[in-house]
Amino acid sequence: MKRYVILVLVAFSAIFAGAKNIYWLKFVDTDDRHIGKMDQSSLHAFNTHVMNVVNASLASDGYTAVNKEYTGSDTSPENCTRTVSDLTCSSDDIIVFLYMGHGGRSTRESGEEHPWSQMWLAQNNPEKMVPVEWVHKQLKAKGARLCLVVTMCCNSEDPGISPKASPKFLTNFGATKLASEEMNAIRKLFLGYKGDVIITSSKAKESSWGPTSDNLDFFSDAFIRSFESLGNNSSWNSFFSDVCAKTTATIENGVWEDENGRIIKVTQHPFFKTNVVPTDMPNDKVNPEVPDKPDVVEDRDDKTNLDDVFGELFSYLNNKSLDLNTRRELWDMIKSECSSNAIVKFISQDGEMIIDRKPIDKYARRLMTSNIILLAVVPKGGVKLNSEGAVQEVYVYEVIKSDK
Amino acid sequence: MRKIKHYLAVVCLVCLFMPCLGVAKSNPKRVVKRVNVEATYKRDFAERTSDSIADIVFGAKRIVLVKDSVTYVVPRYQHALLMHILSDKGNYETDIPVFAHFSKYATIKFINGKKSVCLSVDCGTKKWLFEGADGKELCRYNLFSAEIFRYLHAAFPNDSLLSETVKNFYL
């Protein structure tokens, strides 16, 4: 198994060496006993409704997704500061930072001068909290094309720091479908602007709320709904204004009940700042150049698990800008590491339902030739081996082009 | 005859004052009944929390407020006022998931013999929580009225966060 992992990594690092990256830095407190379940649901919805869709929309522009997701005990101030500090990027890259978890602010800080909160990052020591302002400044300084910071946490004061049952998310039990219009709106938002944008779920001195522990919080729900209704004229300002209006309206106009059927009465006003200038959209689709000799594998230490390998394999096979024969050859080499009856199982956009299955060889060939598959994502733990160590099952989230 | 007339006059007089005497007799002392509001408060409180917490809180011999390093002993005549504030059913409705840690700003300790219960309030999330003597969380709720903050503000009038919380509570 090790043999082909190294093979694939070397091949990919060479192939993607010239690619532009979209970095997803996500820190989510999924273990907290009060909000952990809600964070899990919100993260899942964010991944399937936002991240996968953005990745699929920008793939044709030569963007490769680098997903750094920290959940459970991996969410920590150390990991956050290290990831943010160590990140290096080029001027064409895009950085998206997402935090879901507890937050707060010092009573000794002015809300006007410092409107952003501090993140607890799944620990209890106020001295180790990381200010969102610091993250924003650090990421801005990296010189990426666009830097987006989204924080879903409280902004309430803490002197210790230096109607329906719930929002009903539009559950989609099919694959993620992406129309050209939607794709263009996303491309315009991510590639049509340069600069930095930041949004947080509640303004200074306010708390952020969620209805029931196993559903989405109010802000994430509004964020995803606004994202899904992006139009051709959308800008970061109009998108974020819509998120703010939706969050406030959802809370104020709805009759919300908690798990015990008691009415919830709260207020919450998201706050954002945009510092972007419109820029020309890249018209030509970029074809990453394949160097003559593969370079040394660099910065791929965290890519040693099979999910990442298969994720990259599928995006490579799906890359129509590369020669079909080269892709076929690679697949023929790797095929031998899969069992003869290995299958691919397709997972629905929401939930963990299996909506379809296909023999892996058939699926790989479909990936190489189909024009409607925009993205195939292998989730964590999505590769299962049989008793002989051969690949038996691969789980996949697909984003499919669907034009009416 | 004269004797009879005199006798009849006495009887008439007695009959005349009879109703007055009768009322006075059936209601010899005009006592104002005591309304036992405390029992109602305790019942409401126990319904939302538990009987064991209610027994300690409503039977507290000593109540102290603790904020930072300041300890303030609540005078006995103020116990009833605190019970009134604590019994507001609206403040035991929900514990809405919030994305902030509970930060104990001030604590009210109810001591009944060897048993004690602590009630802490958080100005940021506007919640309160009860803890046992061992520090174990018993229950927590969202606060929908500012009364407890008003009381604490009266006890610590120079505290700016309490003053701001009271001022902005319903905004």
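Counting heavy atoms of the protein chains alone, B:Val31 has an accessible area of about 110 Å² for a 1.4 Å probe. Legend: residue pairs A:Lys273/A:Lys320; A:Lys203/B:Lys61; A:Lys140/B:Lys167; B:Lys61/B:Lys127; B:Lys67/B:Lys115, Cα-Cα distance threshold 31 Å; pairs beyond threshold, A:Lys273/A:Lys320; A:Lys203/B:Lys61; A:Lys140/B:Lys167. Packing order of peptides A:29-41, A:240-252, highest average first: A:29-41, A:240-252 (average count of other Cβ atoms within 10 Å over each peptide's residues). Straight distance only, please: which lysines reach the Cα of B:Lys5 with their own Cα at less than 29 Å, same-chain residues fewer than 8 apart left out? In chain and number order, the partners are B:Lys25. Sorted largest first by accessible area at a 1.4 angstrom probe radius, with every protein chain in place, the residues B:Glu131, A:Glu388, A:Glu329 fall in the order A:Glu388, A:Glu329, B:Glu131. Hydrophobic, long helices, defined as DSSP H runs whose alpha-carbon span along the helix axis is 18 Å or greater and whose mean Kyte-Doolittle value is at least -1.0, occur in chain B at B:2-26. Take each residue of peptide A:152-158, count the partner chain Cβ atoms within 10 Å of its Cβ, and average: the result is 6.
Candidate cross-link partners of A:Lys345 among the aspartates and glutamates, defined by an alpha-carbon separation under 19 Å and a same-chain spacing of 8 or more, comprise A:Asp307, A:Asp308, A:Glu312, A:Glu337, A:Asp356, A:Asp361, A:Glu393, A:Glu398.
Across segment A:316-404, the fraction of Cα-Cα pairs farther apart than 16 Å, rounded to a whole number, is 56%.
The values are calculated or read from the model by the stated rules, or taken from the named source; none is laboratory data. Owing to the predicted nature of the structure, the values given are computational and were not obtained by experimental measurement. Positions of Cβ are backbone-derived with ideal geometry, glycine not excepted, and every protein chain shown enters the neighbour counts. The accessibility values were calculated without ligands, DNA or RNA, using every heavy atom of the protein model including side chains. Shrake-Rupley method; radii C 1.70, N 1.55, O 1.52, S 1.80 Å.
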